[in-house]
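Take a look at the structure set out below.
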Amino acid sequence: MKKLIYCSQCSKKNSYSNKDGEIRYHCKNCKSIHYQNPKPTATLICIKNDEILLVKRAFEPAKGEWSLPGGFIELGETPEDAAKRELKEETNLDGEAVQLIGSCSHFNSIFGDVLLLGLTMKIDNWENLIPGDDAQSAGFFKLKDTPIMAFECHNKILSIYKKSLSKLSI
Ligand SMILES: [Zn+2]
């Protein structure tokens, strides 16, 4: 987590202590409270028949490991906008977000607190699949037989999806 040593309002030194029930940076001089928020991501569930699309990461962290496609939501984007853009950047596929299925919060030593939002996607044409951007390759896995992925939150979002399927089939 980035340390907010100085107050962005008055430039005096911040305190780091309990404020409104949480440990926060706040300024005793001008009374500003410096709230910090997680960075949201769109994390994608793309299903082709009974298989899920995973991408192999081209860069650290977790280079060479499987993960769900996706990435950080940019300023001004909805989760659905980001899902569509990340899908195109990482896989060259066109598609639309169908449903927000769940979320997972996680602390990342590079980006700080990350809030992963899992979205199911409808893909227009699977033939356009070309791994790109920060994916080195793509693969399809039977839902029953998915590899352990690089990030705990990806495993969690996939398990939320699998549970949602088993509820539907009851
Ligand atoms: Zn201040």
Whole-Å distance linking the alpha carbon centroid of segment 96-170 with that of segment 37-60 is 4
For segment 30-69, one quarter of the surface area of the C-alpha convex hull, expressed in nm², comes to 4.7
Within segment 33-72, DSSP-loop trypsin sites (Lys or Arg not before Pro) with at most 14 other C-beta atoms within 10 Å are Lys63
Shape call for segment 61-138, from the Cα gyration tensor axes a ≥ b ≥ c (a/c under 1.5 means rounded, otherwise prolate when a/b beats b/c, else oblate), comes out oblate
Treating every alpha carbon of segment 39-168 as one equal point scatterer without solvent, the Debye formula yields log10 I(q)/I(0) values at q = 0.10, 0.13, 0.18, 0.21 Å⁻¹ of -0.27, -0.46, -0.95, -1.37
Correct response: the longest run of the chain lacking exposed chymotrypsin sites (Phe, Trp or Tyr not before Pro), defined by DSSP loop and at most 12 other Cβ within 10 Å, is 60-170
The helix 79-91 Cα axis meets the longest alpha-carbon principal axis of the chain at an angle in degrees, between 0 and 90 and rounded to 10, of 60
Regression test value, accessible area per residue of segment 1-129, probe 1.4 Å, units Å², expected 59
The set of cysteines in the chain having no other cysteine's C-beta under 4.7 Å reads Cys46
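The values are calculated or read from the model by the stated rules, or taken from the named source; none is laboratory data. On a predicted model such as this, the values are computed, not experimentally measured, just so you know. Ideal geometry is used to build each Cβ from the backbone, glycine not excepted, and the neighbour counts take in all protein chains shown. Remember, those area values only see protein heavy atoms, side chains included, never the ligands or the DNA or RNA. Shrake-Rupley method; radii C 1.70, N 1.55, O 1.52, S 1.80 Å.
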